[in-house]
Amino acid sequence: MKTLNLLLTAAANVMRQRLRTFVVIICLIVILLPFLTATAIQEGVKEQALLSVSEGADVYVTMDMYGRNGMIPVEMAGEIEKIEGVTKAVPRVISRIYIEGRLAVLLGLPLAELEEKVGFIKGSAPGEGETVIGRGLADALGLDVGGSIGLGVRVTAIVDHRPYIERRIYRISGIFDSAGIWTSDLVLVDIEDAISIYEMEGFVSDIAVYVRPGYERSVTEEIQKINSYFRIQTKALAERYMEQGFNRKGGVFVSLYVMALGLAIPTILVLSGFGLSERRREVGILKATGWQTQEVLEMVFFENIIIAVIGASLALLLSYIWVRVLNGLLIAQIFIAEVGNVAPFKVPALFTPMPFVLSFILALVLTMTGSIYSTWRTSIVPPAEAMR
Amino acid sequence: MTGVPYMMECRGVWKIYNEGRPHEVRALVDINIAVRKGSLTVLTGPSGSGKTTLVGIMGTIERPSRGRVYLEGREITGFSDVALSMIRRERTGLVFQNFNLLPGVPAWENVAYPLIPQGVREGERRRRAVELLSALGLAARVDHPPEELSGGEQQRVAIARALVNDPDMIILDEPTSNIDAGTALQVLEILKGLKREGKTLILSTHDSDLFGEADEIYRLKGGVLEGGG
């Protein structure tokens, strides 16, 4: 009953000292909101990326070119497909491309593979001389199904050492209707068109290899036997790279955040001591009327728990609004490459319990540091001194 | 042990602020006082004579620099913070010159605050507080915070708070200094009633109207007890 009394009194105090409570909660929100929002976006992007890897091919094969990934002859797809355990070997062209000054990703796949993507498309899958583009790109450039888009250039003739250049124009047969992060700025074309755009006749960027369960290791070894210059990337390796990439980005954010926090902590310590002389007098009154130091501290502890719960919960709510309503405005770009202040697609986010728990603990530590020590110091002096 | 059934006793009590520093203040010098059970003891003297400091020491909210303090013959000078808190909770009720009520808190809650850490339920706390406030003529003001009360009403709320634990001894610091003459008379009546109930009362005052009820009067001047105690 005593503990319940102290808890209820703490709640009443939090309500009574409205200004102090308000100021401290605002400070907590300012500190916790970027952390919760960034963590949710990072987790969301990571989840989608890992899902994409897990749903992709089992093995990707490229050539080693001076220690980097290089083009691989397209006929290797046929060779690889003969290996026992391989269900499919799909040659791909994947590269960056600038379209009217906007950076996009061009993906070339065999027409048969494109058919499988129809379910995601508004319009139809691309045929020869056609393309399907992402929603973000379409919106940014004002394009729609039936319109046309220039993808790279070709030299049609050289007269007197002067090249005659012609833009490669493609008809837009469809638009990726999903607002997903990976298709927003994607340009999907038939692989022959992609090879032509990059003038890499006979070569592709990589070969995506699909393998029956249990054959991954043997298939990898067999592929390596075909050519020792092949670079083979398995699904597990891709996942590891992905994790490392996100952890690095997360690490950069955390470093910047810790610096900001370093500046914020003294502020909240000063603010949580807001009304300290009034609190000092109150503690003196409580002690003079028979309260013990431990009871005073217990009540202040409950006050801080209440404030921390309110602060962390409001920060979580506002974080949710920031991501879902404001679509991660200004913050999504930290975790998603090539995204400006306003993401042209729905920013993925995943709210997990751990960041909220950490936020609550951080809020509690901050408010405690600001009040428990000063309350304890006041509690242990004679009440007459505290009330003076 | 002193061997005499005094409620409160001070022996050779000194209180020195900033001792050994350039601004050293000797608030009390070698004070010897004995307060009998059930008596009304008055401490008087001009402003700055040390009355509030002595009241604070007897109320255990201040520690003496030197000397010994006894409660019912038991020395409490070296008691721990916890033990002194228990004395304040169970044995003494304090009324301060400036009332020291919690701002923004209704009168009944101010009165009942000492009961919170004792685990008394809110309903019971309110019942006891309202009963005391009603007895002191504040039945209509129980839900008003101190800011909405007059000086006299605040004084009575402070008295009710001092009584809520039903203490043996009530210590009042200048109980009539911040209230008008009419209210001072009401306070005097309250004190008479408490004395009739057998409570031990210690009060510091300038008010000579209260002297008539006193069993013992001590005069302080410059921190020294006139007549040597």
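The values are calculated or read from the model by the stated rules, or taken from the named source; none is laboratory data. Values in this document were obtained by computation on a predicted structure and should not be read as measured data. Glycine gets a Cβ as well: all are built from the backbone with ideal geometry, and neighbour counts include every protein chain shown.
Quick notes
- Considered as a group, the residues in the range B:200-216 that are of a type in the set (A, V, I, L, M) and part of a strand (DSSP E or B) include one that is modelled with the lowest pLDDT, and that residue is B:Leu203.
- Wholly enclosed helices (runs of 4 or more DSSP H) of the range B:30-129 bearing at least 3 residues facing chain A (nearest Cβ under 10 Å) and under 20 Å from B:Leu201 (Cα atoms): B:51-58, B:81-90
- Evaluation of A:Arg96 against (1) buried (at least 17 other Cβ atoms within 10 Å of the Cβ); (2) charged (D, E, K, R); (3) at pLDDT 85 or above (one fails), failing number: (1)
- A:Asn69 passes every criterion in (1) in contact (Cβ under 8 Å) with a residue 12 or more places away in the chain; (2) over 30 Å from B:Tyr113 (Cβ atoms); (3) part of a helix (DSSP H, G or I) apart from (3).
- Among the residues of the range A:366-388, those that are among the aliphatic types (A, V, I, L, M) and within 14 Å of chain B (Cβ to nearest Cβ) comprise A:Ile380, A:Val381, A:Ala384, A:Ala386, A:Met387.
- Qualifying residue in the range B:197-214 (condition: within 29 Å of A:Ala10 (Cβ to Cβ) and away from every other protein chain (no Cβ under 14 Å)): no
- Residue among B:Val120, B:Val95, B:Val130 that is hydrophobic (A, V, I, L, M, F, W, C) and within 19 Å of A:Met387 (Cβ to Cβ): B:Val95
- For A:Glu295, the conditions (1) part of a loop (DSSP other than H, G, I, E, B); (2) under 30 Å from B:Thr60 (Cα atoms) all hold with the exception of (1).
- Residue satisfying condition, being at pLDDT below 95 and of a type in the set (D, E, K, R), within set B:Glu147, B:Glu153, B:Glu124, B:Glu109: B:Glu153
- So A:Ala363, is it over 20 Å from A:Met299 (Cβ atoms) and either away from every other protein chain (no Cβ under 14 Å) or modelled with pLDDT of 85 or more (or both): no
- The lone exception for A:Ala104 - which of (1) over 30 Å from A:Leu350 (Cβ atoms); (2) not in a helix (DSSP H, G or I) it fails: (1)
- Residue within the range A:342-357 that is assigned to a helix (DSSP H, G or I), of a type outside the set (Asp, Glu) and buried (at least 18 other Cβ atoms within 10 Å of the Cβ) present: yes
- Filtered residues of the range A:30-54 (kept if out of contact with any Gly (no Cβ under 6 Å at 6 or more places or on another chain) and among the aliphatic types (A, V, I, L, M)): A:Val30, A:Ile31, A:Leu32, A:Leu33, A:Leu36, A:Ala38, A:Ala40, A:Val45, A:Ala49, A:Leu50, A:Leu51, A:Val53
- Of the residues A:Glu84, A:Glu79, the single one that is surrounded by fewer than 19 Cβ atoms within 10 Å (Cβ to Cβ) and in a loop (DSSP other than H, G, I, E, B) is A:Glu84.
- Qualifying residue in the range A:187-210 (condition: part of a loop (DSSP other than H, G, I, E, B), touching a Ser or Thr at 6+ places or on another chain (Cβ under 9 Å) and among the small types (Gly, Ala, Ser)): yes
- Some residue of the range A:173-186 being out of contact with any helix residue (DSSP H, G or I) (no Cβ under 9 Å at 6 or more places or on another chain) and either without any contact (Cβ under 8 Å) to a residue 24 or more places away in the chain or aromatic (Phe, Trp, Tyr) (or both): no
- Test: B:Ala135 is surrounded by fewer than 22 Cβ atoms within 10 Å (Cβ to Cβ), modelled with pLDDT under 95 and either within 14 Å of chain A (Cβ to nearest Cβ) or more than 26 Å from A:Val14 (Cα to Cα) (or both): yes
- Test for A:Ser148: is it touching a residue at least 12 places away in the same chain (Cβ under 8 Å) and over 30 Å from A:Pro348 (Cβ atoms): yes
- When the range A:10-41 is filtered for residues that are of a type outside the set (A, V, I, L, M) and touching a Pro at 6+ places or on another chain (Cβ under 9 Å), the ones remaining, listed by number, are A:Arg16, A:Phe35, A:Thr39.
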